[in-house]
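Have a look at the structure below, then the notes.
The values are calculated or read from the model by the stated rules, or taken from the named source; none is laboratory data. These numbers were taken from a predicted model, which means no experiment stands behind them. Cβ placement follows ideal geometry from the backbone for every residue including glycine, while neighbour counts extend to all protein chains displayed. Only protein heavy atoms, including side chains, enter the accessible area calculation; ligands, DNA and RNA are left aside. Shrake-Rupley method; radii C 1.70, N 1.55, O 1.52, S 1.80 Å.
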Amino acid sequence: DTAKVLRFPHTPVAVFWRPRALGAASVGQVEAALKGAIATWNAVPGAGVQLVYGGEVTGPPGFDVFVGFESPYQPAGSDPLARIVRHTDTAGVLQAAEIVLDADADVQWTTTAKTWFHDKLVADLQGTLTHMLGHALGLGHSRDTRAAMYFFRPDYASRLLIDDDRAGLRWLWPA
């Protein structure tokens, strides 16, 4: 395989965020969801990468990972919940990744195990952050519908990694 792996040239990789409440989720709940998603990826045995909580910032620092919110949200492609923008240097080395979450009223973010559809899309915040941090680490979408990296999984189960997710991380980031 001659495809270039797009990943950070260093570890640990810091994850920063611009604090804000998101729907019914308080600032503290959003922060807890982000820390939970970081811990999920850090728990993968045999992976040679570590994420660290970088704290609160007012805007993208220009390196490592930044999580922000957008209203009105401009989806990239068909993703109604979040998008990622990767920034590389002139040599093609990944320098920064920006995760942008939908902060519009059409998504009801939840921090509990309940996820359902009615007049709004209801999505688990920690699960979505787990999925998006997987993209920041270089993972693409999985074909396994149980995977956190499946292309659309707004439910609580997306907080949990399966063997497919863990194997992908170990392949991209060998110890």
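The sum of -39500 (n - 2.57) across all DSSP H runs of n ≥ 4, divided by the residue count of the chain, sets its helix-only mean residue ellipticity at 222 nm to -7000 deg cm²/dmol.
As a fraction of the 1.4 Å probe accessible area of region 1-106, surface on carbon and sulfur atoms comes out at 54 percent. Per residue, the solvent-accessible area of region 19-134 (1.4 Å probe, heavy atoms of protein chains only, all protein chains present) comes to 44 Å². Sorting 65-72, 26-33, 43-50, 96-103 by their mean Cβ neighbour count within 10 Å, with the most densely packed peptide first, gives 96-103, 65-72, 26-33, 43-50. Longest span of the chain, sites excluded, free of trypsin sites (Lys or Arg not before Pro) in DSSP loop with at most 15 other C-beta atoms within 10 Å? After excluding every exposed loop site, the longest remaining stretch is 21-113. Indicate the gyration tensor shape class of the chain (rounded, prolate or oblate), computed on the Cα atoms with a ≥ b ≥ c the square roots of the eigenvalues: a/c under 1.5 is rounded; otherwise a/b larger than b/c is prolate and the rest oblate. Cα axes put the chain in the prolate bin.
One Cα centroid belongs to region 145-173, the other to region 39-101; the line between them spans 16 Å. Here is the tail figure for region 46-150: Cα pairs spaced more than 18 Å apart come to 54 percent of all pairs. With 0.36 nm allotted per residue and the present C-alpha distance subtracted, the Thr145-Leu121 stretch has 6.8 nm of extension available.
When each full DSSP H helix of the chain is screened for a Cα extent of at least 15 Å along its own axis and an average Kyte-Doolittle hydropathy of at least -0.5, the helices passing are 27-42, 125-136.
Working from Cα pairs under 8 Å separated by at least six residues, relative contact order for the chain is 24 percent.
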